[in-house]
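Okay, here's the structure, questions in a sec.
The values are calculated or read from the model by the stated rules, or taken from the named source; none is laboratory data. Small disclaimer: the values here were computed from a predicted structure and weren't measured. Backbone-built Cβ (ideal geometry, glycine too); neighbour counts: all protein chains shown. Accessible surface is based on the protein model in full, side chains and every heavy atom, while ligands, DNA and RNA are left aside. Shrake-Rupley method; radii C 1.70, N 1.55, O 1.52, S 1.80 Å.
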Amino acid sequence: MSESIQFLPWFRTGLAATIEGDTGGTPVMLSLAVAVEAVRADDGDTEVTDLPGRSIRLHGPGAVTAVHDDQIIRRYPEPGATDPEPNYFCAVEFSSPDFPWRFTPAAPDADNRLQPWLALVVVEDVPGVLRSGPFGLDVLHIEDSARELPPPADVWAWAHVQVDSADPDVDPVALYARSPAALRSRLLCPRRLIADRSWIACVVPTYEAGRLAGLGIVNSGATGHAWPATGPVELPVYHTWRFRTSERGDFESLVRRLRPVELPPTVGVRDLDISR
């Protein structure tokens, strides 16, 4: 049977899958119930005792100050590339299918949308746009988020999970348990690139708590998105690479450049001697 590909809007495992509501970026508190079985040694009877749940704190985006490069398995375009087509989306893939949502302090909404805690953005490589920051992270300086960044409320649409399986009805959770390599997560950047330009691709936080943590700023309770719908912003960068788009596009764009030409009547006509 040939392999099929499915795409999921998000993927979660562990305690993060039990999160309810949306905290806006603050860490999530969960109550973990514990059941204890006590076995009497004299007669072998079993007595089950329920103990009060313990509150545990899950890490949120404000606890992340770096992303290990081993988590990244593919980038497009490749770092240092000079000939990628400008009409393709820039992308980065992670080996863990739940990674883009691992620290999201929220549950999916009524439309099954779940915001990732990080996003991929691409900006033109100009002087001063990327500078050194705390914790060894670079800092991305944006003058106008409306022009350079996707709308913060739409970042959920640019992250997904790819499931490779011969069974189109496979359970992704069960498949991940027995074959982790069959699933991978991916971030896309929706920016339309311009031909023959130099670009910087950056993985940045999407929550204000993550932005402040990456910049080394103490969070006094700020929640919400990492960048405004418009205006300037500074974003810590978890991972970055550079590339340059080519002057030419892909096969489709080259075909669209073709124009019909009116041929003279002599084209395709040849005199033949049929006297014999």
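Take the residues of region 176-210 that are in contact with a helix residue (DSSP H, G or I) (Cβ under 6 Å, 6 or more places away or on another chain) and open to solvent by 30 Å² or more (accessible area, probe 1.4 Å): which is modelled with the lowest pLDDT?
P190
Using the structure shown, decide if A213 is closer than 23 Å to P9 by Cα and outside any loop (DSSP other than H, G, I, E, B). Let's see the steps before the verdict.
Working: closer than 23 Å to P9 by Cα: no; outside any loop (DSSP other than H, G, I, E, B): yes.
Criteria not met by A213.
I would also like to ask the following. Which one is modelled with the lowest pLDDT among residues in region 160-174 that are crowded, with 16+ Cβ neighbours inside 10 Å and among the hydrophobic types (A, V, I, L, M, F, W, C)?
V170
Now for a separate question. Condition first: aliphatic (A, V, I, L, M), part of a loop (DSSP other than H, G, I, E, B) and under 15 Å from Y207 (Cβ atoms). Now tell me which residues in region 106-129 satisfy that.
Of region 106-129, the ones aliphatic (A, V, I, L, M) are 106-107, 110, 114, 118-123, 126, 129.
If we keep only those that are part of a loop (DSSP other than H, G, I, E, B) too, we end up with 107, 110, 114, 126, 129.
Within region 106-129, A107, L114 meet the criteria.
Keeping to region 144-179, report how many residues are more than 30 Å from P228 (Cβ to Cβ), touching a residue at least 12 places away in the same chain (Cβ under 8 Å) and assigned to a helix (DSSP H, G or I).
Final tally of qualifying residues: 4.
Got a sec? Which of R74, R131 is within 20 Å of P190 (Cα to Cα), among the charged types (D, E, K, R) and out of contact with any Gly (no Cβ under 7 Å at 6 or more places or on another chain)?
R74
Same structure, new question: Go through (1) closer than 23 Å to L183 by Cα; (2) open to solvent by 40 Å² or more (accessible area, probe 1.4 Å); (3) part of a strand (DSSP E or B) one by one and return the number of the condition F103 breaks.
Status for F103: all satisfied but (3).
Do the conditions hold for A213, that is, is it closer than 17 Å to S95 by Cβ, open to solvent by less than 30 Å² (accessible area, probe 1.4 Å) and in contact with a Pro (Cβ under 9 Å, 6 or more places away or on another chain)? Before the answer, list the steps.
Details: closer than 17 Å to S95 by Cβ: no; open to solvent by less than 30 Å² (accessible area, probe 1.4 Å): yes; in contact with a Pro (Cβ under 9 Å, 6 or more places away or on another chain): yes.
Considered against the rule, which asks whether it is closer than 17 Å to S95 by Cβ, open to solvent by less than 30 Å² (accessible area, probe 1.4 Å) and in contact with a Pro (Cβ under 9 Å, 6 or more places away or on another chain), A213 comes out as no.
Take region 54-80 and flag every residue that is outside any helix (DSSP H, G or I) and at pLDDT below 95.
We begin by selecting, within region 54-80, every residue outside any helix (DSSP H, G or I); these are 54-60, 64-68, 72-80.
R54, S55, I56, R57, L58, H59, G60, V64, T65, A66, V67, H68, listed by residue number.
Assess whether D83 counts as being of a type in the set (D, E) and either open to solvent by 60 Å² or more (accessible area, probe 1.4 Å) or touching a Leu at 6+ places or on another chain (Cβ under 7 Å) (or both). Even if it seems obvious, please write down each step before you answer.
Numbers: of a type in the set (D, E): yes; either open to solvent by 60 Å² or more (accessible area, probe 1.4 Å) or touching a Leu at 6+ places or on another chain (Cβ under 7 Å) (or both): yes.
It is true that D83 is of a type in the set (D, E) and either open to solvent by 60 Å² or more (accessible area, probe 1.4 Å) or touching a Leu at 6+ places or on another chain (Cβ under 7 Å) (or both).
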